[in-house]
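Peer 1: The structure that follows is given in the form of C-alpha cells.
Since every read-out is calculated from the coordinates, none of them should be taken as a lab result. Being a predicted model, the structure only gives us computed values, none of them experimental. Every residue, glycine among them, receives a Cβ derived from its backbone with ideal geometry; neighbour counts consider all protein chains shown.
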Amino acid sequence: GAVVSQHPSWVICKSGTSVKIECRSLDFQATTMFWYRQFPKQSLMLMATSNEGSKATYEQGVEKDKFLINHASLTLSTLTVTSAHPEDSSFYICSARDQVSGSYNEQFFGPGTRLTVL
Amino acid sequence: KQEVTQIPAALSVPEGENLVLNCSFTDSAIYNLQWFRQDPGKGLTSLLLIQSSQREQTSGRLNASLDKSSGRSTLYIAASQPGDSATYLCARGGNTPLVFGKGTRLSVIA
C-alpha cells in the first residue's frame, strides 16, 4: 500500500517555542492531506484539511494562527505549532488521500509525531 | 451531526476465539467505511476499506461487512492471536473528511 512518513517521530520542546512537523507521501501524489490530533485514550480528532496550493481548511475550535499548515507540493504538508504550550502536548497524525478521478478513496496514515511541551 | 459509535469499548478474549467488533454510524450517505488498527503510541494501519457499493471485504483472518441501510459495520476476526491485541478504529468516509469512532481496545490472552 501507499506509504506516508512523518518527521520527527517525537519532539520535546520548551514552552513558547515553535515546532514543525512534516508529512510526506512517499509513493503517490496527494492533493489533499489531513492533520489529526489524538489525546491519550481518545480517538483521532481532525484539525484541518490541507489542500495543495491553497489555504488549509480548519475545523471549528482549531486556531489557524497557532497551527500553521503549508502544503506546497503534492507530496509534502507541514504543520507548525507556534508558541507551543503544555496543553499542546499530544500525538499528531497526518494522512494523505490517494484521490482518483474525483472518487474518495482510501486514506493512508503516517506513523504520528509525539509532541511534549515542557 | 455525523457520529460513529464503536461497541464494545474494550474486549478481552482467550487466544483462538473468534470475535466481532461493531461500528455504527448515523449518516447512511457514506462513500466508504474503513477499519484501522492502532498499536499503543503508534500511527494507524489500514486493515480494510469497504466502498459504499460493497457489502464486505476480506483479508486473511479479517472480514468486514457493511450494511448502509442499518448504519452498521462489523469486523470479524477469526482465530484470534495475542498479536491481534491493539485498538481497532472504524471511520466513515463521505463528502467530508473521515469521522472516527473512539475505538475498541482488544486484548487477546495467550
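Peer 1: How large is the dipole of chain B about the Cα centre if only Lys and Arg carry +1 and Asp and Glu carry -1, each at its Cβ, rounded to the nearest 20 debye?
Peer 2: Result for chain B is approximately 240 debye, rounded to the nearest 20.
Peer 1: Put +1 on the Cβ of every Lys and Arg and -1 on every Asp and Glu Cβ in the protein assembly as shown; which of B:6, B:106, A:47 then has its Cα farthest towards the positive end of the dipole?
Peer 2: A:47
Peer 1: Can you compute the FRET efficiency between residue A:29 and residue B:12 using 1/(1 + (r/R0)^6), with r the Cβ-Cβ distance and R0 = 41 Å? Round to the nearest 0.05. If you can, show how the numbers build up before the last one.
Peer 2: Details: r = 42 Å, r/R0 = 1.03.
Here the calculated transfer efficiency is 0.45.
Peer 1: To the nearest whole number, what is the average tally of beta carbon atoms from other chains within 10 Å of the beta carbons of peptide B:67-75?
Peer 2: Mean partner-chain Cβ count within 10 Å for B:67-75: 0.
Peer 1: Averaged across the residues of B:44-57, what count of C-beta atoms belonging to other chains lies within 10 Å of each residue's C-beta?
Peer 2: Mean shielding count: 2.
Peer 1: Which percent of Cα pairs goes in each bin when the distances of segment B:1-76 are cut into 10 angstrom slices starting at zero?
Peer 2: Over segment B:1-76, the share of Cα pairs per 10 Å bin runs 17, 50, 29, 4 percent.
Peer 1: Check the straight Cα-Cα distances from residue B:68 and name the lysines below 21 Å, setting aside those fewer than 8 residues away within the same chain.
Peer 2: List returned: B:1, B:102.
Peer 1: Report the paramagnetic label zone for residue A:45: residues of segment A:65-88 whose backbone N is under 20 Å from a point 7 Å from Cα along the Cα-to-Cβ axis.
Peer 2: The answer is A:65-69, A:79-88, whose backbone nitrogens lie closer than 20 Å to the label point.
Peer 1: Still on this structure, please answer the following. Rank the residues A:87, B:56 as a footprinting-exposure proxy: fewest other Cβ atoms within 10 Å of their Cβ go first. If you can, show how the numbers build up before the last one.
Peer 2: Working: A:87 8, B:56 14.
Least to most surrounded, the residues fall as A:87, B:56.
Peer 1: Further, regarding this structure: Which lysines does residue A:64 reach when only Cα atoms under 22 Å apart count, and residues fewer than 8 places away in its own chain are ignored?
Peer 2: The reachable lysines, counting only those whose Cα sits under 22 Å from residue A:64, are A:14, A:20, A:55.
Peer 1: Then there's this: Given that compact globular proteins tend to follow 2.2 N^0.38 Å, what is the ratio of the alpha-carbon Rg of the protein assembly as shown to that value?
Peer 2: Against the empirical 2.2 N^0.38 Å value, I get 1.02 for the protein assembly as shown.
Peer 1: Residue A:64 to residue A:114: FRET efficiency via 1/(1 + (r/R0)^6), r the Cβ-Cβ distance, R0 25 Å, to the nearest 0.05? Walk me through the numbers before you get to the answer.
Peer 2: Working: r = 23 Å, r/R0 = 0.92.
Once rounded, the FRET efficiency stands at 0.60.
Peer 1: Now for a different question. Residue B:81 to residue A:83: FRET efficiency via 1/(1 + (r/R0)^6), r the Cβ-Cβ distance, R0 35 Å, to the nearest 0.05?
Peer 2: 0.15
Peer 1: Principal axis lengths of chain A from Cα atoms, whole Å, largest first?
Peer 2: Between the extreme Cα coordinates on each principal axis of chain A lie 44, 26, 23 Å.
Peer 1: Any idea what the dipole of the protein assembly as shown comes to, in debye rounded to 20, about its Cα centre with Lys/Arg Cβ at +1 and Asp/Glu Cβ at -1?
Peer 2: Using Cβ point charges on Lys, Arg, Asp and Glu, the protein assembly as shown gives about 260 debye.
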